[in-house]
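Some notes on the structure that comes next.
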Amino acid sequence: MRFERVAIVGATGPTGSHLADALLQKSMRVRAVSRREAGLRAAFAGRDVEIAAADALDEAALTHAVQGCDLVVDCVGLPPAAMDRHAVVARHVARAARATGARLLHVSSYWAYLPLVRSPLNEDHPRQDGSPWMQYRRQAEDVLLDAGAAVLHLPDFYGPRVHTSTLQNALADAVAGRTMNWIGGADVAREYVFVPDAMRIAAAVVAHDEAFGARWILPGAGPLTGRDVAGTVGELLGRPVKLRAAGPWLLRLVSLFQKDLRGFLQMVPDYGKPLAFDAARLRALVGEVATTDYRTGITRTVEWLRRQQQAAAS
Ligand SMILES: NC(=O)c1ccc[n+]([C@@H]2O[C@H](COP(=O)([O-])OP(=O)(O)OC[C@H]3O[C@@H](n4cnc5c(N)ncnc54)[C@H](OP(=O)(O)O)[C@@H]3O)[C@@H](O)[C@H]2O)c1
């Protein structure tokens, strides 16, 4: 399948931005949609991308913004206090796509499958129970799946342009010279994806008609522990990086002072469990997928974080 013009809703985030690159590389036209026009202009400066400012919570504005596109992608990220709005955004995205006759792609997370009962995690993993954030994810996915979307379940990601994630926050700590805070045990092996890889895979998935109306687990780059990360970053920075692995008790204490961490506490028990992804179904769809090894991905991320931190300081 080939799409002529793709609307990416929530385009200014890391997934939207890297997806735009992957689609442009396949010679598709891209329309970037998010709430702030200035943010869109800054994020897409120098790239051949149409800009449309619209709030996905405003169905009419969103419908207008995606008109003329034959694929609409939901890449919207919401702050901790508004996670319950994912389903509202999903409903509006689904209706807007229907109004313009477009197909749908939803960039979601493996969180919909939590609490984790077995690893490696594949599409048949139970998808029930759990905390409100897990349920909000499922609600949004179900709305879009009912509307015929391809739903992508991403591992936790990291890379250039990522502003927050478990691994990215730890890397930012290390680059800034702070002790690296690590959620879960220091030796618990979990899997992560380099965000440009994930979005290259997303662009490959939508080329297949069978991708729509189904869920797809994306692969990460294999097992990685907090201790591995501290070792790799320490080598790259040329100095030892201290690691502070924070379990539920320490995080509960810190969350008394950090509002953003409070909501995340509901996810913490799962971060203490080893996690791998079984992407066999996706590989059967798109063939073998190349993933960037952690050393290369972390090197590129550390370089990007250094530039960001230098720019912020000047
Ligand atoms: N972090 C991880 O490790 C991870 C892993 C797997 C999946 N995910 C999920 O993947 C999805 C994409 O992540 P991301 O980091 O690329 O997203 P993000 O940066 O958190 O958000 C993307 C963009 O959404 C826009 N947005 C927010 N509210 C909006 C609204 N009402 N209408 C229109 N646009 C709106 C924002 O731009 P404006 O401010 O300009 O509107 C923002 O730049 C999210 O759902 C995220 O939770 C994250």
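What follows is calculated from the coordinates using simple rules that are stated; it is not laboratory data. Since this is a predicted model, take the numbers as computed values, not measurements. Every residue, glycine among them, receives a Cβ derived from its backbone with ideal geometry; neighbour counts consider all protein chains shown.
For region 57-201, compute Rh as the Kirkwood radius over C-alpha pairs and then the Stokes-Einstein diffusion coefficient at 37 °C and 0.692 mPa s; write the answer in µm²/s, rounded to an integer.
Details: Rh = 16.8 Å.
It diffuses with D of about 196 µm²/s by this estimate.
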Exercise. If one takes the longest principal axis of the Cα atoms in the chain, at what angle in degrees, from 0 to 90 and to the nearest 10, does the Cα axis of helix 132-146 lie?
Worked result: 30 degrees
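Find the eigenvalues of the gyration tensor of the Cα atoms of region 121-237, then list the square roots of 5 times those eigenvalues as equivalent ellipsoid semi-axes, largest first, in whole angstrom. Walk me through the numbers before you get to the answer.
Working: eigenvalues 183, 56, 31 Å².
After scaling each eigenvalue by five and taking roots: 30, 17, 13 Å.
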Problem set entry | Principal axis box of the chain, alpha-carbon based, largest edge first, Å | 53, 47, 41
Seminar exercise, completed: With Cα coordinates, the longest principal axis of the chain makes an angle with the long axis of helix 294-313, in degrees rounded to 10, of 90 degrees
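Normalised by the number of residues in region 159-292, what is the relative contact order in percent for Cα pairs under 8 Å and 6+ residues apart?
Numbers: 178 pairs, mean separation 47.3, N = 134.
Taking the mean separation of contacting Cα pairs over the length of region 159-292, I get 35 percent.
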Exercise. In what sequence do SER314, SER34, SER165, SER255 fall when counting other Cβ within 10 Å, fewest first?
Worked result: SER314, SER255, SER165, SER34
Exercise. Roughly how many debye, to the nearest 20, is the charge dipole of the chain about its Cα centre, given +1 on each Lys and Arg Cβ, -1 on each Asp and Glu Cβ, and no other charges?
Worked result: 700 debye
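Of the trypsin sites (Lys or Arg not before Pro) in region 238-302, which ones lie in a loop per DSSP and count no more than 16 other C-beta atoms within 10 Å? Can you show the working numbers first?
On the way: sites: LYS242, ARG244, ARG252, LYS259, ARG262, ARG281, ARG283, ARG295, ARG300; in loops: LYS242.
Sites meeting the loop and neighbour criteria: LYS242.
Exposure proxy check: THR291, THR301 ranked by fewest other beta carbons within 10 Å? Mind showing how you got there, number by number?
Details: THR291 21, THR301 25.
The most exposed by this proxy come first: THR291, THR301.
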Problem set entry | Candidate lysines for bridging to LYS242, where Cα separation is under 29 Å - those fewer than 8 sequence places away on the same chain excluded | LYS259, LYS273
Problem set entry | Helix-only [θ]222 nm of the chain, DSSP H runs n ≥ 4, -39500 (n - 2.57) each, per residue, nearest 500 | -12500 deg cm²/dmol
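When the gyration tensor of region 1-140 is built from Cα positions, what are the square roots of 5 times its three eigenvalues, in whole Å, from largest to smallest? Provide the component values of the computation, followed by the final result.
Values: eigenvalues 145, 55, 43 Å².
For region 1-140, the semi-axes come out at 27, 17, 15 Å.
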